[in-house]
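Down below is the structure, laid out as structure tokens.
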Amino acid sequence: MLMQGFAGFMWLLSMALILFSGFALIDAATRREDAYRAADKQSKPFWLIILGLAFVVNLIFNILSFLPIIGLIATIVYMVDVRPAIKSLPGGGRSRKGGSSSDGPYGPWNGGR
């Protein structure tokens, strides 16, 4: 009876880690590439690879093994350091919904007219 309770708890903990790393991966994927540079953080592909590996490791390995702990640390670093820095930028680091392709950070570019 006690072992079933422990196994159930470990399963819930494992699912929570999968959801946490999946949320971080989706959040990192929806941010603009230039927002990472503007926040003076590692590049977007770097974080996508790290968070993708953390997600896959959490899917494959048991929570009591070594690799999910490393993935959890990487996910926590993204969530408490990188994500707030990017969200503090104008627009929150999200892609623009409207505007022209010639719009710059301070408005439309008119070609010096």
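Hey, can you tell me all the residues within the range 78-94 that are loosely packed, with under 15 Cβ neighbours inside 10 Å and in a helix (DSSP H, G or I)?
VAL80, ASP81, PRO84, PRO90, GLY91, GLY92
Consider only pairs whose beta carbons are under 6 Å apart and that are at least six residues apart or on different chains; among these, list those whose first residue lies in the range 54-74 and is without any contact (Cβ under 8 Å) to a residue 24 or more places away in the chain and of a type outside the set (Asp, Glu) and whose second residue is assigned to a helix (DSSP H, G or I) and open to solvent by 70 Å² or more (accessible area, probe 1.4 Å).
VAL57/LEU67; PHE61/LEU67
May I ask you to list the residues in the range 65-76 that are open to solvent by 60 Å² or more (accessible area, probe 1.4 Å) and within 16 Å of the chain's Cα centre (by Cα)?
Within the range 65-76, ILE70, ILE73, ILE76 qualify.
Take the range 23-33 and flag every residue that is surrounded by 16 or more Cβ atoms within 10 Å (Cβ to Cβ) and assigned to a helix (DSSP H, G or I).
ALA24, LEU25, ASP27, ALA28
Identify, from the list GLY52, GLY104, the residue that is touching a Leu at 6+ places or on another chain (Cβ under 9 Å) and either more than 13 Å from ASP27 (Cα to Cα) or modelled with pLDDT of 95 or more (or both).
GLY52
Cβ-Cβ under 7 Å, sequence separation 6+ or interchain: first residue in the range 23-46 and among the hydroxyl-bearing types (Ser, Thr, Tyr), partner surrounded by 14 or more Cβ atoms within 10 Å (Cβ to Cβ) and assigned to a helix (DSSP H, G or I). Which pairs?
What qualifies is TYR36/LYS44; TYR36/ILE86; SER43/TYR36.
Yes or no, residue by residue, for (1) open to solvent by 70 Å² or more (accessible area, probe 1.4 Å); (2) in a helix (DSSP H, G or I):
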site	(1), (2)
MET3	yes, yes
MET10	no, yes
SER21	no, yes
ALA35	no, yes
GLN42	yes, no
PHE46	yes, yes
ILE63	no, no
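The values are calculated or read from the model by the stated rules, or taken from the named source; none is laboratory data. Keep in mind that this is a model prediction, so the values were computed, not measured. Don't worry about glycine lacking a Cβ; one is built from the backbone with ideal geometry, like all the others, and counts go over all protein chains shown. For the accessible areas, the whole protein counts, side chains as well, though only heavy atoms, and no ligand, DNA or RNA atoms are used. Shrake-Rupley method; radii C 1.70, N 1.55, O 1.52, S 1.80 Å.
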